[in-house]
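The block underneath contains the structure these notes are about, expressed in structure tokens.
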Amino acid sequence: MAISVISLRDVRRYYIVGDFIVRALDGVSVDIGKGDFTAIMGPSGSGKSTMMNLIGCLDTPTSGKVFIDGEDTAGLEEDDLAFLRSRKIGFVFQQFNLLGRISALENVMTPLLYAGVGPRERRLRAKDALERVGLKDRMMHRPNELSGGQKQRVAIARAIVNNPSILLADEPTGALDTKTGEQIMELFSDLNKEGRTVVLVTHNVEIGMACQQQIRIRDGKVEA
Amino acid sequence: MFWENVKLALGAMKSNKMRTILSLLGIVIGVASVVAILTLGASVNASIKGSISAGGLELVTIYPTGTSKYASTFNEAFAETLKGEVSAIQEVMPVNSHNALIRNGQNSTNGNISGVQSSFAQVLGYEVEQGSFFSMEDNISKHQVVALGSELAKELFPEGDAVGKYVSIFRNQAKSYLVVAVMESKDASLNLSYNYGAYIPYNTYTSRFMSVSSVGSYIAKIKSDQDPIAASKAITSYLDDLIGSDNYSLFSPATLSEMADQITGTFSTFLAAIAAISLLVGGIGIMNIMLVSVTERTREIGVRKAIGASPSIIMGQFITEAVVLTFVGGVIGITLGTLISYLVTSAMGWGMSISVSSYLLSAGFSMAIGLFFGWYPARKASRLDPIDALNYE
Ligand SMILES: Nc1ncnc2c1ncn2[C@@H]1O[C@H](COP(=O)(O)OP(=O)(O)OP(=O)(O)O)[C@@H](O)[C@H]1O
Ligand SMILES: [Mg+2]
């Protein structure tokens, strides 16, 4: 069996809300191999975003282990997690989450800044990434001067600019119309063909089924 | 990273101009008042010192004040004694003076008749405009010659050409003096006034103008390579031992000038310290606005963390923002403070002494305030949980 890029072992994520314990994830074990194109599906509130955040090292599990590229993330400090996110993981959000006051180009340059890349190379690589998502002519626009689809392309460029092995997208088409959504999915598919491991969350069965493999979750557990 | 953070900070400030200006007001006012107080303090000091030292810091005047008991000590020869006792002294000149009426034909006026030695003008740097100051020979031979101060010459000889003419000086009876020189105008200092003086040889004064054996005052000139304050102290301690401090008074511009330094220095430091309190209040304003900014930008912080920013990077971003904010406030405050100082000094007719140390002090202090008061909000930002921050509505 190929080495897993992402591997969850009996991962639980509980929230305490008042007198209740919310079991957002309740004993999940999954493996995602290098170059896989995986869809996470399930009803609202089933724990999809929770799982994505754990894979993306934005969150830490209540119990269980998360391995990224074979590395156990349990013992890592916040700074180490930030470093890991910076090198290995690209995030795409439903709401785009671009930084509002700066241009598309500067948005895409920011992860490189955090990764310690010099200014000249930052600019070059950010331009390449924007060209890759088909936004060469919108580089100097600010997010509020872009359409939803264009914003999501900028977000994707920002996610891939540091050449991470893992691309995570939580409902990346959720805020887009069908046609634009399809284009974005095509882009993810292309990026996957280039060798990136892509994990995305979707409610859309059609989109989910188009992916190479599916993980279905319900009530915090993986459905067989 | 630093310049990116500065750019971000300027961007944040620009995107909310009105709020930025309002939050900077405290720092601006604080810095402006510190700068204005220190600059005005330095300007007042320079103006006071200017008038104290106008006659030259190197001159020390000694006035015998005692009763007859020590009158005999203060004779003409004492000048030489004093010079011999205090090595820092270059020259001591005895001076006697008294007011008297001077007349030239129809023109008459009151002048200050001073009996001085022939070296007087040269030692004090008092220049001759016409003719030449009287000589040692004039002194020894008690010649009735006079050098006129510029104003006195103007009143007695409105048409000029005083040199070579005679004036009458009245003391019990009129005596005729040959004008040998008209002096250039020289600003009065606290201990010497020149332009209404009429200078006659010392011996002429004591034997022909007024019969006195004691000396009115001694002017001591300190060697140029010696500290005049230390020299004054040496003179004081010598005289105290000799006759006691009650029997003379000593006037030293250098010592006074030092006192003026101390007084204005203490005073403006005190005022600046009070003004610095307003800087602290300004700092609290900065902290407030930074806390608002962190809350407003919670989502942005979440995004930055998601794309790889570590807590220390976020901390750096917000600390830089606070410091840039206070630095800009400091620069505006310095400009404003300088402007105020300029307006006040020119209204009062003082020269403005720019106090560079006050600039550095207030720029540094306001940035330190940015660091101090920006630290807590920045730490708060850096500690935000990425998920909570991203989900913040
Ligand atoms: N910070 C939190 N505190 C308390 N409960 C939470 C928190 N975050 C998530 N949950 C709960 O955990 C469960 C899983 O949430 P999650 O966001 O993972 O669902 P999801 O599958 O992504 O749903 P959706 O499709 O609507 O995005 C939900 O019941 C949710 O209410
Ligand atoms: Mg979700």
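Values as computed for the structure displayed
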read-out: Relative exposure of A:Arg122, A:Arg87, A:Arg153, judged by other C-beta atoms within 10 Å (fewest first); value: A:Arg87, A:Arg122, A:Arg153
read-out: Reach of A:Lys65 by Cα under 30 Å, taken over lysines that are not fewer than 8 positions away in the same chain; value: A:Lys34, A:Lys48, A:Lys88, A:Lys193, A:Lys221, B:Lys305, B:Lys380
read-out: Gaussian network model of chain A, Cα within-10 Å springs - most flexible of A:Asp36, A:Asp177, A:Asp26; value: A:Asp177
read-out: Cα-based helix-to-principal-axis angle, B:356-382 vs chain B, degrees rounded to 10; value: 20
read-out: Ranking of B:Asp388, A:Asp69 by count of other Cβ atoms within 10 Å, fewest first; value: B:Asp388, A:Asp69
read-out: About the Cα centre, charge dipole magnitude for segment B:92-217 (Lys/Arg +1, Asp/Glu -1 at Cβ), debye; value: 520
read-out: 0 to 90° range, to nearest 10: angle between helix B:2-15 axis and chain B longest Cα axis; value: 80
read-out: Amide H contacts under 5 Å for A:Ile102, placed H, 5+ residues apart; value: none
read-out: Selected from B:Val116, B:His98, B:Tyr166, residue furthest toward positive end of dipole (segment B:92-217; charges at beta carbon); value: B:His98
read-out: Candidates B:Ser118, B:Ser232, B:Ser132, ranked by Gaussian network fluctuation over chain B, Cα under 10 Å, top entry; value: B:Ser132
read-out: Number of partner chain Cβ atoms within 10 Å, mean per residue of B:306-319; value: 6
read-out: Segment B:92-217 pair-distance distribution - Cα-Cα, 10 Å bins, rounded %; value: 14, 52, 32, 2
read-out: Set of aspartates and glutamates near B:Lys175 by C-alpha distance (under 15 Å), chain-local residues within fewer than 8 positions excluded; value: none
read-out: Karplus-derived 3J(HN,Hα), 6.51/-1.76/1.60, for each residue of segment B:202-209, Hz, glycine and proline x; value: 4, 5, 4, 4, 6, 9, 10, 8
read-out: Derived scalar couplings ³J(HN,Hα) [segment B:111-119; Karplus, 6.51 cos²θ - 1.76 cosθ + 1.60; whole Hz; x for Gly, Pro]; value: x, 8, 7, 10, x, 9, 7, 5, 7
read-out: Length-normalised contact order of segment B:89-149 in % [C-alpha pairs under 8 Å, at least 6 apart]; value: 24
read-out: Chain A: most fluctuating residue of A:Glu71, A:Glu206, A:Glu131 per GNM, C-alpha cutoff 10 Å; value: A:Glu206
read-out: For the protein assembly as shown, with +1 on Lys and Arg beta carbons and -1 on Asp and Glu, the positive-most of B:Leu24, B:Val182, B:Leu8 along the dipole; value: B:Leu8
read-out: For segment A:55-209: relative contact order, % (alpha-carbon pairs under 8 angstrom, 6 or more apart); value: 26
read-out: In sequence order, calculated HN-Hα J values of segment B:299-312 (Karplus, 6.51, -1.76, 1.60; Hz; x Gly/Pro); value: 4, 4, 5, x, 4, 4, 5, 4, 9, x, 6, 7, x, 5
read-out: Residue order, fewest to most surrounding Cβ atoms within 10 angstrom, among B:Leu38, A:Leu124; value: A:Leu124, B:Leu38
read-out: Cα-based helix-to-principal-axis angle, A:78-88 vs chain A, degrees rounded to 10; value: 60
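Read-outs throughout are calculated quantities, based only on the coordinates presented, and are distinct from any laboratory measurement. Quick caveat, the model's predicted, so the values are computed rather than measured. Cβ: placed from backbone, ideal geometry, glycine included. Neighbour counts: every protein chain shown.
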